[in-house]
Amino acid sequence: MEWWVFKGCYSFGAKPLTGAFILGCLWLFGIVAGATMVPQPALAEKPVIVDRIVAVVNDEIITLYDLNQKFEPYAKNIKALQYSAEKERKMLFKFRSDLLSNLVESKLADQEIEKNKLFVTEAEIDNTIERVKTNRSFTDEDIRTGLAEQGLTMEDYRKELKEQLLRGRLVNLEVKSKIVVTDENVQAYYDSHHEKYRGEKKIHLWNIYIPIPEYAGDSEKRSAFQKMESILSKLKQGVPFEKLTEDDFTASLAAKGGDLGMFLVKELSSQLQSVVENMKAGEYSSILETNSVYQILYVEKIIETPSKSFEEVRKAIEDILYKELVDTKYQEWLEDLRKRSHIKVIQ
């Protein structure tokens, strides 16, 4: 059985009317099929449905009109992406379903806000708008123009801000006020995230290399390797690495190279990491075969940032853990609220 909105009969003010009164309305207006009807000519075969209920949340309803009002802007964006008909259909269905779930949660939150008599003042809304303007360097005109582009007015914006502030106040009451991040939690996080807080090592690299042609034979590869051995010999004799990269190698297998720049060790390939991680400034590698080239690496300098102590990062870790707990505890609170509420979704 479907639930339908009987306009003018469902509610008076904010409270639902009795079933007897609604039934009286049905007989009064001659509604048999359970839908509000637009007056039709005598020969019309079917009533035209204006609205219907898509969800009941305790003693309140969410209508098809409510859902469509929220859904329409997102539907336009999805359709503008020009997916295949099947993918578009699936995306619209999923998004609509998720949106309805969000509307149910919003209705639950609104009921809890009313139950706890939470409120925000016009001055608080004004202050929030001023913070937005300051943080984003907006003027009143910028805000009004941006809202108009989305089909919204300043009144709509203030209403949305009021809802956000009220829900933030509800989260503070039901969730945040009950969260405690202990020193033990912070220490455990620090101990398990050494990679994140240990110092970083940057290496200034140079290289000299000879490409190995894709279809090179053994003889050509051997000649290239011998050329690299000659360069390595010069390095061992004390010829500066930078000088060798400036030489004009005119042989058929010419060496190339130069200043590669600064790198974090973790940014290099695993093969190169294993080569350079234990090298010191001023040292060069043996001949390497990497990505169809023979090359020699040279570490010009190393810059290391010190590890961050526990005290240095304590506050940052507390913030991370607090946010994680808020997200987790809010979902737990919301799930418990759902279980304690009467919710019926009508597809």
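The values are calculated or read from the model by the stated rules, or taken from the named source; none is laboratory data. All values derive from a computational prediction rather than experimental measurement. Cβ sites come from the backbone with ideal geometry, for glycine too, and all protein chains shown count toward neighbours.
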Legend entry - Test set (1) under 23 Å from L235 (Cβ atoms); (2) touching a helix residue (DSSP H, G or I) at 6+ places or on another chain (Cβ under 8 Å); (3) in a loop (DSSP other than H, G, I, E, B) - Y294 fails condition number: (3)
Inset, instruction - Could you tell me whether E86 is more than 27 Å from L334 (Cα to Cα), exposed (fewer than 10 other Cβ atoms within 10 Å of the Cβ), acidic (D, E) and at pLDDT 90 or above? - result: yes
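Residues checked against (1) in a strand (DSSP E or B); (2) closer than 30 Å to N58 by Cα; (3) modelled with pLDDT of 90 or more:
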{"residue": "K243", "(1), (2), (3)": "no, no, no"}
{"residue": "F249", "(1), (2), (3)": "no, no, no"}
{"residue": "S252", "(1), (2), (3)": "no, no, no"}
{"residue": "I303", "(1), (2), (3)": "yes, no, no"}
{"residue": "I317", "(1), (2), (3)": "no, no, yes"}
{"residue": "Y322", "(1), (2), (3)": "no, no, yes"}
Legend entry - Near pairs, Cβ below 6 angstrom, 6+ apart or cross-chain, from the stretch 299-324 (without any contact (Cβ under 8 Å) to a residue 40 or more places away in the chain) to any residue that is buried (at least 16 other Cβ atoms within 10 Å of the Cβ): none
Inset, instruction - May I ask you to list the residues in the stretch 91-111 that are exposed (fewer than 12 other Cβ atoms within 10 Å of the Cβ) and basic (K, R)? - result: K94
Legend entry - Unique match (being over 27 Å from Q331 (Cβ atoms) and touching a strand residue (DSSP E or B) at 6+ places or on another chain (Cβ under 8 Å)) among L81, L64, L100, L147: L64
Legend entry - Failed item, numbered, when T134 is tested on (1) touching an Asp or Glu at 6+ places or on another chain (Cβ under 8 Å); (2) over 27 Å from E174 (Cα atoms): (1)
Inset, instruction - Would you point out the residue of the stretch 262-291, among those that are among the small types (G, A, S) and under 39 Å from the mean Cα position of the chain (by Cα), that is nearest to K234 (Cα to Cα)? - result: S274
Inset, instruction - Output the helices (runs of 4 or more DSSP H) that fall wholly within the stretch 150-235 and possess 3 or more residues being within 27 Å of the chain's Cα centre (by Cα), exposed (fewer than 15 other Cβ atoms within 10 Å of the Cβ) and without any contact (Cβ under 8 Å) to a residue 40 or more places away in the chain, or say none. - result: 154-174, 194-197
